[in-house]
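Note sheet for the following structure.
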Amino acid sequence: ISRDKFHGKFHLHDQYEIYFLLSGDVNLFVNNACYHLEKGNMLFFNKTDIHKAVTISNDIPYERITIHFNPSIISDIPLAKTDLLSCFEDKGKDGQRIVLLDLNQSDYFTNTAIKMIQKLDKGDYGSDILPMTYLIQILYMINDLYFNKRQSLKNTMSDKIQATVEYIDDHLTDDLSLDMISDDLSISKYHLCHTFKENTGTTIYQYIIVRRIALAKKVLLSGKSVTEACHESGFNDYSNFIRTFKKETGVSPGNFGKY
């Protein structure tokens with residue numbers, strides 16, 4: 001649980017993430033969209049979702065609960081029909097995977113998450129199995145909410161920024177440069193860089209890198225080789241790809257998905 005002003009960078013995880021907003025005036029960037037969240041919003045991120053949170057106002061403390069877990073610990077459970085990872089893997093409406101919890105649901109989730117964390121921290125009798133049972137309860141609850149009461153939020157990204165991120169996504173495997181982007185969008189390089197940084201809190205270069213890493217992850221998860229992932233994600237320099245992938249994810253592309 002965090003209570004602080006926050007302005008992170010675009011990132012993605014090697015685990016699945018449950019993100020739940022307790023309070024705060026927050027914009028959340030997810031892939032190529034931006035949503036203004038309200039108290040009780042919950043989002044689900046898989047291994048290829050890039051995201052970042054930005055607090056808009058200091059008047060309301062930024063409080064959220066995030067749970068990260070390796071999906072393999074769930075997929076290895078011999079369940080007959082119940083797919084507890086569906087809400088993370090569903091494409092969602094317009095790419096959104098968002099629900100809004102009411103007060104009772106929020107209390108249940110928060111209390112269960114706290115019990116799970118406390119049991120993990122203690123390391124005493126039952127700490128090897130109880131956290132898993134709490135996680136299963138949470139996953140059952142959020143999947144039920146997602147497929148029955150999912151929410152759709154308005155994309156608040158400005159037209160210029162939307163056009164820029166969509167252009168980058170459409171040309172991710174090309175030899176992208178500021179000149180290329182600014183020329184094709186008919187925007188000066190200075191204005192393009194300034195507007196993008198002002199609206200997203202990050203540079204165009206960093207955004208391109210993270211989007212390419214996300215694409216490389218998808219290629220690797222499809223079973224293709226590291227070399228194929230390098231070229232199919234827009235990294236034409238193999239050494240740079242290995243170095244950048246490990247810097248951004250904490251693991252080499254050759255070991256990605258093995259843990």
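Results, tabulated for the structure shown:
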{"read-out": "From Leu145, Leu135, Leu130, residue being surrounded by 15 or more Cβ atoms within 10 Å (Cβ to Cβ) and out of contact with any strand residue (DSSP E or B) (no Cβ under 9 Å at 6 or more places or on another chain)", "value": "Leu130"}
{"read-out": "Residue within the range 29-48 that is in a loop (DSSP other than H, G, I, E, B), farther than 25 Å from Pro253 by Cβ and modelled with pLDDT under 90 present", "value": "no"}
{"read-out": "Selection within the range 11-28 - open to solvent by less than 30 Å² (accessible area, probe 1.4 Å), under 23 Å from Leu85 (Cα atoms) and part of a strand (DSSP E or B)", "value": "Tyr16, Glu17, Ile18, Tyr19, Phe20, Leu21, Leu28"}
{"read-out": "Residue list for the range 188-206, filter: open to solvent by less than 50 Å² (accessible area, probe 1.4 Å) and either touching a strand residue (DSSP E or B) at 6+ places or on another chain (Cβ under 8 Å) or under 13 Å from Asp159 (Cα atoms) (or both)", "value": "Leu192, Thr195, Phe196, Thr200, Gly201, Thr202"}
{"read-out": "Matching entry among Lys91, Lys122, Lys115, Lys81 (being without any contact (Cβ under 8 Å) to a residue 24 or more places away in the chain, open to solvent by 60 Å² or more (accessible area, probe 1.4 Å) and closer than 30 Å to Ala216 by Cβ)", "value": "Lys91"}
{"read-out": "Residue among Asp121, Asp107 that alone is charged (D, E, K, R), out of contact with any strand residue (DSSP E or B) (no Cβ under 6 Å at 6 or more places or on another chain) and at pLDDT below 95", "value": "Asp121"}
{"read-out": "Cβ-Cβ under 9 Å pairs, at least 6 apart or on other chains, the range 13-34 side within 10 Å of Ile50 (Cα to Cα), far side part of a strand (DSSP E or B) and of a type in the set (Phe, Trp, Tyr)", "value": "His13/Phe45; Phe29/Tyr35; Val30/Phe45"}
{"read-out": "Residue within the range 207-219 that is free of Cβ contacts under 8 Å to residues at least 12 places away in the same chain and hydroxyl-bearing (Ser, Thr, Tyr) present", "value": "no"}
{"read-out": "Verdict on Ile209 being open to solvent by less than 30 Å² (accessible area, probe 1.4 Å), in contact with an Asp or Glu (Cβ under 9 Å, 6 or more places away or on another chain) and either closer than 20 Å to Ala53 by Cα or not hydroxyl-bearing (Ser, Thr, Tyr) (or both)", "value": "yes"}
{"read-out": "Any hit, the range 47-63, residues being over 19 Å from His13 (Cβ atoms), in contact with a helix residue (DSSP H, G or I) (Cβ under 9 Å, 6 or more places away or on another chain) and either open to solvent by 10 Å² or more (accessible area, probe 1.4 Å) or not aromatic (Phe, Trp, Tyr) (or both)", "value": "no"}
{"read-out": "Filter result (outside any helix (DSSP H, G or I), in contact (Cβ under 8 Å) with a residue 24 or more places away in the chain and open to solvent by less than 60 Å² (accessible area, probe 1.4 Å)) within the range 155-173", "value": "Asn155, Met157, Ser158, Leu172"}
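The values are calculated or read from the model by the stated rules, or taken from the named source; none is laboratory data. Source: prediction; values computed, not measured. Positions of Cβ are backbone-derived with ideal geometry, glycine not excepted, and every protein chain shown enters the neighbour counts. All accessible areas refer to the heavy atoms of the entire protein, side chains included, with ligands and DNA or RNA removed. Shrake-Rupley method; radii C 1.70, N 1.55, O 1.52, S 1.80 Å.
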